[in-house]
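Where a number appears in this text, it was derived from the coordinates with a stated rule and is not lab data. Fair warning: this is a prediction, and the values are worked out from it, not measured in the lab. Don't worry about glycine lacking a Cβ; one is built from the backbone with ideal geometry, like all the others, and counts go over all protein chains shown.
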Amino acid sequence: MFAASLIIFRETLEAALFVGIIAAATKQLPLRGRWLASGVVAGVIGALMLALTADQISAWADGIGQDLVNVGILTVALSMLVWHCIWVSTHGRQMAMDARQLGASVQVGQRKPWALFVAVALAVLREGAETVLFVAGSLTGGGPVGTGPVLLACALGLVAGALVGLGVYAGLSRIPTQKLFAATNVLIALLAASIASQLARALSQAGLIENGTAPLWDSSAWLASDSGLGTLLHALVGYDARPSAIQLGFYVAVLAGIYLGTRLVLHKSNGTMSPRGASTN
Amino acid sequence: MSAQRLFPQFAIVAASIALLCGTAQGADLEVQLSIKNHRFEPTELKVPAGQRVKLIVNNQDKTAEEFESHSLNREKVIPGGGKATIFIGPLKAGRYDFSGEYNEATAKGVVIAE
């Protein structure tokens, strides 16, 4: 019973934290709730479809079909987050200034957070598909536990996961508007790096990368990946007790890419745009 | 920092990634693992250390199972009645526990690299 709740909780947690951070990051956008909700719904529908076709997908490409789908999902999610980070830290700063000056800015209203919408849908899709397969298995598995208790256990796990996401959102919402952009942008950059690390792992698991797949270190004695804190840090910043060189390489490369990309765009806009666009560096 | 000075840094990052991404070559050792009645069979898999191994998991149950191992740094769902391939290692000599996350009470096993 509780094992089922725990599994659903773990799967939900990652997506819920993701949605919580994105919700805080887009706090000022009108219709944000509608965008986020559509992202979650699209993700759930996608998860059901992915779960229904799991048999076929799994058999693709000599048994690595699921990894290939994962690689695709992670790559798109990663691109969306990196693009968002670079865009927000440049134009977003301008937006925050305008928003403070004009109250509810017209300009902000025209921004459609589609990149984040896609990223949210994909996060829900990825975690959701596994959840659906697990629940389906529990219901049809003919175990000693009936349908009602299984569904109740799953609902408990789902609610608990969602509550953690809500907590993160509530916490971030207390940050003043001027600093909120910077704070959420750092968190989104870390989410992007964490996705990059997962991408590297998916590629190793599928046998598409051969070098650098051995673990660099083992910190599981200090903080195990499956402990409570380990799970939370895994979802937030991509903590892994036994990361491979390739995972760490991807992680660092994405953070460096976002940093350099932001500097590059800022540098360009400083040269061409109005003095208002001047950055703080 | 000027844009011109940033490009070499991009190039270094890109080159490091390219270097790390060696493509898979040669035949990997194949090891078979089955899941039946929410148990792994065999429960002990002996593999050579220092070599990548192609693990083929055959799920004979009707329900999905998630092969999970924190020590191998792997997790993958195998649909009911389905097969999946998981590449593991190269491993240092030692014991690496794995389990079926959906049936942790019964589905347990260990990879022994030597």
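Annotations for the structure displayed:
- Subset of A:Lys27/B:Lys76; B:Lys46/B:Lys83; A:Lys27/A:Lys268 violating a 30 Å alpha-carbon distance limit: A:Lys27/B:Lys76
- Backbone amide hydrogens, once placed in the peptide plane, bring B:Glu66 within less than 5 Å of B:Ile78, B:Glu101, B:Tyr102, B:Asn103, excluding anything fewer than 5 places away on its chain.
- Sorted ascending by nearby beta carbons within 10 Å, beginning with the fewest, A:Arg32, B:Arg95 become B:Arg95, A:Arg32.
- The phi torsions of region B:89-99, fed into the Karplus equation with coefficients 6.51, -1.76 and 1.60 and a -60° offset, translate into couplings of x, x, 10, 6, 4, x, 9, 10, 6, 9, 8 Hz, rounded to whole numbers, with Gly and Pro shown as x.
- From phi via Karplus (6.51, -1.76, 1.60), per-residue ³J(HN,Hα) for region A:3-11 in Hz, x at Gly/Pro: 4, 5, 4, 5, 5, 5, 4, 4, 5
- For region A:133-209, the gyration tensor built on C-alpha atoms gives an oblate shape. Its axis ratio a/c (a ≥ b ≥ c) is at least 1.5, and a/b is not larger than b/c.
- The mean number of partner chain beta-carbon atoms within 10 angstrom of a residue's beta-carbon across peptide A:6-14 is 1.
- Region A:186-219 versus region A:51-85: alpha-carbon centroid distance in Å: 15
- Footprinting exposure proxy for B:Lys76, B:Lys83, B:Lys92 (fewest neighbouring C-beta atoms within 10 Å first): B:Lys92, B:Lys83, B:Lys76
- Panel order for A:Ser204, B:Ser71, A:Ser269, by other beta carbons found within 10 Å of each beta carbon, from fewest to most: A:Ser269, B:Ser71, A:Ser204.
- Trypsin sites (Lys or Arg not before Pro) restricted to DSSP loop in region B:25-54 with at most 12 other C-beta within 10 Å: none
- Volume in Å³ per residue [convex hull over Cα atoms, computed for region B:24-113]: 81
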